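*Asks:* A single structure is presented below for examination.
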Amino acid sequence: VVAFALDKAHAHDVATLLDRQGIAVRAGHHCAEPLMHRFGLDSTARASFGIYTTHEEIDALATALTRVREFFT
Amino acid sequence: MTFDDDVRDLYQEVILDHGRKPRHGHRLAAYDVTAKGDNPMCGDRVEVFVKLDPDGAIVETGFEARGCAISVASADLMAETVQGRGKADTRALFETFRELVRTGKCPEHDAALDTSLERLEPLAGVHEYPSRVKCATLPWHALLAALDGTREASSE
């Protein structure tokens, strides 16, 4: 499980744009509000990987995130 | 449909622009009422500051927000469109706006709201994304809480 934040876009915007590219992530506090405050973050996006996740799917996430950054720049 | 065409319905240029550079995104030096809007589920927070005239009409609205492009743009367009409106009028605009972002269609309304609803129309694309409707309505809940004299609003 990898939680992350982009400097250019809020996690909800990231999640919506990933969703439109066929990728589901969770976004927000993840029921861990005190930890978010500790790190000075208002929200993160979170991708989960399973034993069935392929290399291609991970590459697709990386490519999709690049497009999200471009969109909000 | 390409990725860009697809998401442009939601992220229209007006929204990206106001999300990036909100015109009213600041605390007012002097204000009469204030309230916080909080959505702990997703982490959106907005605090609104309102200056009123002696009749209770809105002179100016400013806000501080930590949230997504939709919530910041919505707060900014709200600040713009409620200027000069009294409490009942502001509530009427919100009710119509809420219908617009839920259904994508503008319900019947008073002609006096026309110009404001035209400004708010770019947010109608939100109706395709049910999880994002509350991003667009949070600042309005905070504003109405401020006008009602309650200090906090939540739009979980």
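The values are calculated or read from the model by the stated rules, or taken from the named source; none is laboratory data. Here the structure is a predicted model, which means the values were calculated and not measured. No Cβ is skipped: glycine too gets one built from the backbone with ideal geometry, and neighbour counts run over all protein chains shown.
*Asks:* Being touching a residue at least 60 places away in the same chain (Cβ under 8 Å) and closer than 27 Å to B:ASP114 by Cα is true for just one of B:THR81, B:THR61. Which residue is that?
*Replies:* On the way: B:THR81 fails: touching a residue at least 60 places away in the same chain (Cβ under 8 Å).
Only one candidate passes the filter, namely B:THR61.
*Asks:* Looking only at residues that are closer than 14 Å to B:VAL59 by Cβ and not hydrophobic (A, V, I, L, M, F, W, C) in the range B:23-33, which one is nearest to the other protein chains (Cβ to nearest Cβ)?
*Replies:* Among those that are closer than 14 Å to B:VAL59 by Cβ and not hydrophobic (A, V, I, L, M, F, W, C), it is B:HIS24.
*Asks:* Could you check, for the range B:43-59, whether at least one of its residues is away from chain A (no Cβ under 14 Å), under 12 Å from B:ARG23 (Cα atoms) and surrounded by fewer than 24 Cβ atoms within 10 Å (Cβ to Cβ)?
*Replies:* No, that holds for no residue.
*Asks:* In addition: At pLDDT below 95 and within 14 Å of another protein chain (Cβ to nearest Cβ): is that true of B:CYS68 in this structure?
*Replies:* It is true that B:CYS68 is at pLDDT below 95 and within 14 Å of another protein chain (Cβ to nearest Cβ).
*Asks:* Okay, next question. Assess whether A:ASP19 counts as being free of Cβ contacts under 8 Å to residues at least 40 places away in the same chain and acidic (Asp, Glu).
*Replies:* Yes: the conditions hold for A:ASP19.
*Asks:* Shifting gears a bit: B:LEU93: more than 29 Å from A:VAL68 (Cβ to Cβ) and crowded, with 21+ Cβ neighbours inside 10 Å, yes or no?
*Replies:* yes
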